[in-house]
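Structure first, then comments.
The values are calculated or read from the model by the stated rules, or taken from the named source; none is laboratory data. Quick caveat, the model's predicted, so the values are computed rather than measured. Cβ atoms come from the backbone with ideal geometry, glycine included; neighbour counts cover every protein chain shown.
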């Protein structure tokens, strides 16, 4: 079984015209129905379909933090899985502040969906905001979280391990460079790290590369990208960690 990473979106809240908000998925070619989606700050299921996966492949939704570009698409996510005929529950997993915001977006549409029949039940799964908390344990995935540095906003990065492929994927989420992500990503096959640029709770490309080098990962993919020319930022990052690339919108990567 080969795990795949799908970059459903690679942009910051505002980015290049061809990039939407940063959202990810992991899937398994041996069993597509084990797909996990990370964040929903847009039409995440359309992006998943664009990567060749079906709406019904989604096994769970993982939410990292409460910001709009990571949560605001949740009511549309629910409408789509309902229209697609899902009858099994949908697990929605995250730290409490993230889940609370997702729930508020859904409740805002209560006058619309209160008459709908057979909406899939939502299984809310709250995890502590602490290093090593297990967000997902259902085979083939084990997903653990670690708190990251996103200013005043509670947020977590993710470490995703695949039971059969001996593969490890790390995702920084939105953060300034921090030792917690070095620990999270140690020895990973792929680190997906934000490169929003200078600012509170964010990283430059070179800052992300320093984390990748310290963690000893095989490959660095930069996401949460700002608009405009990124060639200088990429060059600076590669001076620190040569195996660095800008995340490709709708790109699929084996790990």
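So, in the range 10-30, exactly how many residues are more than 15 Å from residue 67 (Cα to Cα) and part of a strand (DSSP E or B)?
Within the range 10-30, the subset more than 15 Å from residue 67 (Cα to Cα) is 10, 15-19, 24-30.
Those left that are additionally part of a strand (DSSP E or B): 24-28.
Selection size over the range 10-30: 5.
Quick check on my filter: what residues within the range 41-64 are under 25 Å from residue 147 (Cβ atoms), touching a residue at least 40 places away in the same chain (Cβ under 8 Å) and buried (at least 23 other Cβ atoms within 10 Å of the Cβ)?
Selection gives 62, 64.
Can you find a residue in the range 140-159 that is more than 19 Å from the chain's Cα centre (by Cα) and surrounded by 13 or more Cβ atoms within 10 Å (Cβ to Cβ)?
Step one: filter the range 140-159 for residues more than 19 Å from the chain's Cα centre (by Cα), giving 152.
Within this subset, residues satisfying the condition of being surrounded by 13 or more Cβ atoms within 10 Å (Cβ to Cβ) are none.
So far as the range 140-159 goes, no, none of its residues is more than 19 Å from the chain's Cα centre (by Cα) and surrounded by 13 or more Cβ atoms within 10 Å (Cβ to Cβ).
Here is a list: 177, 97. Which entry is surrounded by fewer than 20 Cβ atoms within 10 Å (Cβ to Cβ) and either under 21 Å from residue 221 (Cα atoms) or touching a residue at least 12 places away in the same chain (Cβ under 8 Å) (or both)?
97
On the basis of being under 28 Å from residue 28 (Cβ atoms), in contact with a strand residue (DSSP E or B) (Cβ under 6 Å, 6 or more places away or on another chain), touching a residue at least 24 places away in the same chain (Cβ under 8 Å) and surrounded by 19 or more Cβ atoms within 10 Å (Cβ to Cβ), does residue 223 make the cut?
Values: under 28 Å from residue 28 (Cβ atoms): yes; in contact with a strand residue (DSSP E or B) (Cβ under 6 Å, 6 or more places away or on another chain): yes; touching a residue at least 24 places away in the same chain (Cβ under 8 Å): yes; surrounded by 19 or more Cβ atoms within 10 Å (Cβ to Cβ): yes.
The answer is yes for residue 223.
For the range 199-217, which residues satisfy the criterion of being in contact with a helix residue (DSSP H, G or I) (Cβ under 9 Å, 6 or more places away or on another chain) and in a loop (DSSP other than H, G, I, E, B)? Outline the logic, then answer.
So in the range 199-217, the residues in contact with a helix residue (DSSP H, G or I) (Cβ under 9 Å, 6 or more places away or on another chain) come out as 203-217.
Hits for the range 199-217 are 203, 204, 216, 217.
Out of curiosity, is residue 115 farther than 15 Å from residue 38 by Cβ, buried (at least 17 other Cβ atoms within 10 Å of the Cβ) and either at pLDDT below 95 or over 19 Å from the mean Cα position of the chain (by Cα) (or both)? Step through it out loud before you land on a result.
Numbers: farther than 15 Å from residue 38 by Cβ: yes; buried (at least 17 other Cβ atoms within 10 Å of the Cβ): no; either at pLDDT below 95 or over 19 Å from the mean Cα position of the chain (by Cα) (or both): yes.
Answer is no for this residue.
With the structure loaded, tell me whether residue 27 is in contact with a helix residue (DSSP H, G or I) (Cβ under 9 Å, 6 or more places away or on another chain), at pLDDT below 95 and either buried (at least 21 other Cβ atoms within 10 Å of the Cβ) or closer than 26 Å to residue 137 by Cα (or both) or whether it fails that test. Break it down stepwise before answering.
Numbers: in contact with a helix residue (DSSP H, G or I) (Cβ under 9 Å, 6 or more places away or on another chain): yes; at pLDDT below 95: no; either buried (at least 21 other Cβ atoms within 10 Å of the Cβ) or closer than 26 Å to residue 137 by Cα (or both): yes.
Criteria not met by residue 27.
Please work out which residue is surrounded by the most Cβ atoms within 10 Å (Cβ to Cβ), limiting yourself to the range 126-139 and to residues that are closer than 17 Å to residue 99 by Cα and touching a residue at least 40 places away in the same chain (Cβ under 8 Å). Before you say what the answer is, go through the steps one by one.
Step one: of the range 126-139, the residues closer than 17 Å to residue 99 by Cα are 126-130, 133-136.
Next, from what is left, pick out any that are touching a residue at least 40 places away in the same chain (Cβ under 8 Å): 135-136.
Working: 135: 25, 136: 22.
Within the range 126-139, the match that is surrounded by the most Cβ atoms within 10 Å (Cβ to Cβ) is 135.
I'd like the full set of residues that are out of contact with any strand residue (DSSP E or B) (no Cβ under 6 Å at 6 or more places or on another chain), on the phi < 0 side of the Ramachandran plot and surrounded by 15 or more Cβ atoms within 10 Å (Cβ to Cβ), limited to the range 235-254.
Answer for the range 235-254, where residues must be out of contact with any strand residue (DSSP E or B) (no Cβ under 6 Å at 6 or more places or on another chain), on the phi < 0 side of the Ramachandran plot and surrounded by 15 or more Cβ atoms within 10 Å (Cβ to Cβ): 236, 240, 249.
Kindly indicate whether residue 228 is touching a residue at least 40 places away in the same chain (Cβ under 8 Å) and either in a loop (DSSP other than H, G, I, E, B) or within 16 Å of the chain's Cα centre (by Cα) (or both).
Numbers: touching a residue at least 40 places away in the same chain (Cβ under 8 Å): yes; either in a loop (DSSP other than H, G, I, E, B) or within 16 Å of the chain's Cα centre (by Cα) (or both): yes.
So residue 228 passes the test.
Quick test of your reading of the structure: residue 33 fulfils all but one of (1) assigned to a loop (DSSP other than H, G, I, E, B); (2) touching a strand residue (DSSP E or B) at 6+ places or on another chain (Cβ under 8 Å); (3) surrounded by fewer than 22 Cβ atoms within 10 Å (Cβ to Cβ). Name the failing condition by number.
(1)
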